[in-house]
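Contents: one structure, followed by commentary.
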Amino acid sequence: MPRCVVNKTMLATLRKLADRLISLSALAGTLGLIFVTLVVLADVIGRAFGAPLRGAQDFYQMGMVIIVFGGMALCDKLGGHVAVDVFEDHFPDAFNHWLNIFAALLGAVIFAGIAYTVYDSSKLSQMLKLATNIVRMPKWYFQWALSIMALITAIGMALRAVELALSGPHGRARREFGE
Amino acid sequence: MSGELVGLIGLAVLFVLLVIRVPVALAMFSVGFAGIWALRDLKAAMSLMASESFTIASSAELVVVPLFILMGNVASVTGMSGRLYDAAYAIVGRFRGGLASATVLGCAGFAALSGSSVASALTMGKVSMAEMDRFNYDNRLSTGVVAAGGTLGILIPPSTGFVIYAILTQQSIGRLFLAGVLPGILLLSMFIATITILCWLRPGFGPAGPRTTMGEKTRKLVGALPVLLVVILTIGGIYAGIFSPVEASAVGAGLIIVIGAATGKLTPRTFWTAAKDSVVTTAAVMLILISAHILNPFLALTHIPDLVGTFLEGLEVGPITVLALILLTYLILGCFLEGFAMLVLTMPIYFPVISQLGIDPIWFGVLVVLTLEMGLISPPVGVNVFIVKSVARDVPLARIFAGVTPFWFAMLGTLIVLIAFPQITLILPNTMMN
C-alpha cells in the first residue's frame, strides 16, 4: 500500500478519535453549564424558603472549570477564538497557510503546557489535601479534569496543524475548520 | 537587558502576532509567558500558567459570563427578540422612520437580555430588516440602524463588557451595571433623534408604516410582557439587593428557559444547541481573560504602565485631557482591534494611570465601554457591520458603513455629553448602591 494512503488513513482515524474526544469534552462543558444553572437556581429558591443549598458556591466554582475548559477544544475547532483578520486578504495564500499552521502549533504548545503545569500543581494540591471551602471537594479532581480537557484541546490543535501541513494552502482542513 | 526593553520587545512581538492573525488570547498568553520567563525564570512562568488557568476558570464572580450568555442564546433561539420588536413596532411604526426606531428599541430590549452586541445585531437584523425592506426603507438607514442599535448590547446592562472591565479592574459589577443604565437610555434617545432628523431631512429614507389599532398595540405589548418582566426582575433584583449578579444571571436564564418551554418555542434540541453555543462562547471569553492574567504580571514587571503614567503626567495637562487622549487611542485602536481584546490589552497600562489621576473608575468604565462600542461600527473591522452584511447580503459594505456614520456621530455626541456631565453616569450607582 502506498505510504501516503497509509498516512491519510491514519490521519482520518486520528481525526475521528480527536473529534470524539472534542465532542465528549464539549458534552461535559454543556452538562456543567446546565448543572451550574440548576445549582444557583436551587440556592436562590432554597434561600427564599430559608433553606439555601449548602456549598452552592463550591459546586458552581468547580462547575465553571468544566464549562470553561470543556468548551475550549470545540471553540478552537469552530474557529471561535478572536483574531485580528484585517490583514488576511493582503497576505499571499501560501503565507496565510503557514500562519494557520503556526497558530495551531502555538495553541497546541500552550494547551499542552497548561495540561502539564496544572497536572503538576494537582500533585501539590493532593499532598496538601486542598479542598473547596464548604463541602470539601478535593480540588485536584478538577485540576485533573482541566488537564485532560486542555490536553484534548492541544491534541485537536496539533492534529489540525498536521492536516493543514498535508493539505496545502487550499486544502480540506483549512475550509473545514473555518479559517 | 532592562525590564523596559524586554517589555517593549514583548509588545512589538505581541503586535506582530496579532497582525499575522494569531488568536488574541494565544498571542497574549505566549508573550506574557515568554516575558516572565525572560525577566524571572521558567519556573515562575510555569507556576503562573498553572495557577491563573485554574484560578480564573474557577472564579465565583465569573459564573455570570456563561449564565448571561446562556440567557441571551436561549432568548435568541426562542424568537423573543421578535416579540420585543413587534411591541415597539406597534407603538412607533406609524411614524416616519418608525420601523427604524422600533428596531433600536427592540435592540435595547434585547440588549437587556443578552449583554452581547453581536447577538443583538444578528437577531434584530433577521427580525427587522425584511420588514424595513417591505416598506421601502433606504437600505443605508435599515442596515445602519441595526448595526448601530446592536451596539447597545454592551452598554445596557447586563453587559459582558462591564463584567470583563469589573474583573480586570476589581470594580463592582453591580455598580457598573447601574452606571450603564442612564448612558444607555441617553444613547438610545440619541439614536432615535438621529433617525428622526435623517427622515425629516430625507423623507424617502424611512416612510411611515401602517397605523395599528389600540387592540393590536395591547396584544403586542402583552406578548412582550414576559420578556420585559425577566429584564426587570433580573436587573432590578441586583439593584434591590435581592440577588447577587451571579444569582440574577441564573434567575434570568432560568426564567427565559421556562418562558421558552411554556410557549413551546424551546425544544430540548434548541436548548441543547443554545447551551453548547454558550459553552463555546464562554471558552473564547475566558481564554482571553486567562491570557490577560498571564500578560498583566509581565507588563507590571517591565514597569511599562509606570512609564506611560509618567509620560502622561509629564504632559502637564489636566486629567480630562489625559482621559480624552486615552479615549482617542481607543477610537483609533477600535478601527483595527476587536473591542474585548482591546479592553484586556490596554487596561493594565491605562487603569493605573486613571487611578493615579483620581478619575472615577466606574465613570471611566462606562466611557471606555461606549468607546469600544464605536469600534464595533468603525471601518475597516466594524464587527457589527459585518454581522449586518451577513444578514443583508445584497447591500454593499460601503453602503452599510455610510448608513452607520450618522449613528457613529450620535455615539460621539453621547460620549462628549458623558464626559462633560459625569453625574449622568454616576448618579444611579452613587445614590442606589453607595
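Annotations for the structure displayed:
- Residues of the stretch B:178-208 with amide N under 19 Å of a point placed 7 Å along Cα→Cβ from B:Lys217: B:208
- About the Cα centre, charge dipole magnitude for the stretch B:1-146 (Lys/Arg +1, Asp/Glu -1 at Cβ), debye: 340 debye
- For the segment B:269-276, counting C-beta atoms of other chains within 10 Å of every residue's C-beta and taking the mean gives 3.
- The stretch B:362-404 - Rg over Rh from alpha carbon coordinates, Kirkwood radius: 1.12
- Partners of A:Lys8 within straight-line reach, counting aspartates and glutamates whose Cα lies under 18 Å from its Cα and excluding those fewer than 8 residues away in the same chain: A:Asp19, A:Glu163, A:Glu176.
- Spherically averaged projected area of the stretch B:296-434 from its Cα convex hull (nm²): 10.1 nm²
- Only helices enter this figure: runs of n ≥ 4 DSSP H residues, each worth -39500 (n - 2.57), summed and divided by the residues of the protein assembly as shown, yield -27000 deg cm²/dmol at 222 nm to the nearest 500.
- Candidates per chymotrypsin sites (Phe, Trp or Tyr not before Pro) in the stretch A:32-118, loop by DSSP, up to 10 other Cβ within 10 Å: A:Phe49
- Each peptide in A:24-30, B:391-397 gets a packing score, the mean of other Cβ atoms within 10 Å over its residues, and the list from highest to lowest is A:24-30, B:391-397.
- Full-extension gain in nm, B:Gln170 to B:Asn430, via 0.36 nm per residue minus C-alpha separation: 91.9 nm
- For the protein assembly as shown, with +1 on Lys and Arg beta carbons and -1 on Asp and Glu, the positive-most of B:Leu225, B:Cys107, B:Val16 along the dipole: B:Leu225
- Among the listed pairs A:Lys77/B:Lys126; A:Lys129/B:Lys43; B:Lys265/B:Lys389; B:Lys43/B:Lys276; A:Lys123/B:Lys276, those beyond 29 Å (Cα-Cα): B:Lys43/B:Lys276; A:Lys123/B:Lys276
- For chain B, the share of alpha carbon pairs falling in successive 10 Å distance bins from zero is 5, 21, 31, 26, 13, 4, 1, 0 percent.
- Net charge dipole, the protein assembly as shown: roughly 1740 debye, given to the nearest 20, about the Cα centre with Cβ charges of +1 for Lys and Arg and -1 for Asp and Glu.
- Computed from backbone phi, the HN-Hα couplings of the stretch A:23-31 come to 4, 5, 5, 5, 4, 4, x, 5, 5 Hz, rounded to whole numbers (Karplus: 6.51 cos²θ - 1.76 cosθ + 1.60, θ = phi - 60°; Gly and Pro given as x).
- Charge dipole magnitude, Cβ of K and R +1, D and E -1 - chain A, Cα centre, debye nearest 20: 720 debye
- Cα gyration tensor shape of the stretch B:228-302, rounded if a/c is under 1.5, else prolate or oblate by comparing a/b with b/c: oblate
- Pairs of Cα atoms farther than 16 Å apart, the stretch B:1-94, %: 72 percent
- Chain B, relative contact order in percent, only Cα pairs under 8 angstrom and at least six apart counted: 25 percent
- Ordered by the count of other Cβ atoms within 10 Å of each Cβ, fewest first, B:Cys335, B:Cys107, A:Cys75 give B:Cys335, A:Cys75, B:Cys107.
- Percent RCO, i.e. relative contact order, over chain A, from Cα pairs under 8 Å lying at least 6 residues apart: 28 percent
- When peptides B:29-37, A:40-48 are sorted by average Cβ neighbour count within 10 Å, with the highest value leading, the order is B:29-37, A:40-48.
- Under a 5 Å amide H cut-off, with hydrogens placed 1.01 Å from N, A:Ala131 pairs with A:Lys139 among residues at least 5 apart or on other chains.
- Projecting label points 7 angstrom from Cα along Cα→Cβ for B:Phe409 and B:Leu201 puts them 0.5 nm apart.
- Gaussian network model of chain B, springs between alpha carbon atoms under 10 Å - residue of B:Ser291, B:Ser51, B:Ser189 with greatest fluctuation: B:Ser51
- Take the convex hull of the alpha carbons in the stretch B:273-315; its mean projected area over all directions comes to 4.0 nm².
- Gyration tensor (Cα) of chain A, equivalent ellipsoid semi-axes in angstrom: 39, 18, 15
- Shielding score for A:118-127, defined as the mean number of other chain Cβ atoms within 10 Å: 2
- Mean partner shielding of peptide B:242-250, defined as the number of other chain Cβ atoms within 10 Å of each residue Cβ, is 4.
- The string of couplings for the stretch B:397-409 from the Karplus curve (6.51, -1.76, 1.60, θ = phi - 60°) is 4, 4, 5, 5, 4, 4, x, 7, 3, x, 6, 4, 5 Hz, one whole number per residue in order, with x for Gly and Pro.
- Note on the stretch B:20-165: Rg/Rh from Cα positions, Kirkwood definition for Rh, rounded to two decimals, is 1.19.
- Inter-probe distance in nm under a simple model that places probes 7 Å from Cα toward Cβ, at B:Arg399 and A:Leu124: 6.0 nm
- In the stretch B:1-143, Cα pairs under 8 Å separated by at least six residues give a relative contact order of 17 percent.
- Hull shadow area, averaged, the stretch A:19-83 [alpha-carbon convex hull, nm²]: 4.9 nm²
- In this structure, B:Arg40 and B:Ile185 have a Cβ-Cβ separation that, at R0 = 45 Å, corresponds to a calculated FRET efficiency of about 0.40.
- Taking B:Glu61, B:Glu373, B:Glu52, B:Glu316 and counting other C-beta atoms within 10 Å, the order from fewest to most: B:Glu316, B:Glu61, B:Glu52, B:Glu373
- Here the Debye sum runs over all C-alpha atoms of the protein assembly as shown as equal scatterers in vacuum, and log10 of I(q)/I(0) at q = 0.11 Å⁻¹ comes out as -1.11.
- Arranged from fewest to most other beta-carbon atoms within 10 Å of their beta carbon, A:Met157, B:Met342 become B:Met342, A:Met157.
- The calculated FRET efficiency for the pair A:Glu88 and B:Ala12, based on their C-beta separation and a Förster distance of 30 Å, comes to about 0.90.
Throughout, read-outs are computed from the coordinates displayed, never taken from laboratory work. It should be emphasised that the depicted structure is a prediction, and the values quoted were computed from it without experimental measurement. Counting neighbours? That spans all protein chains shown, and the Cβs are built from the backbone with ideal geometry, glycine included.
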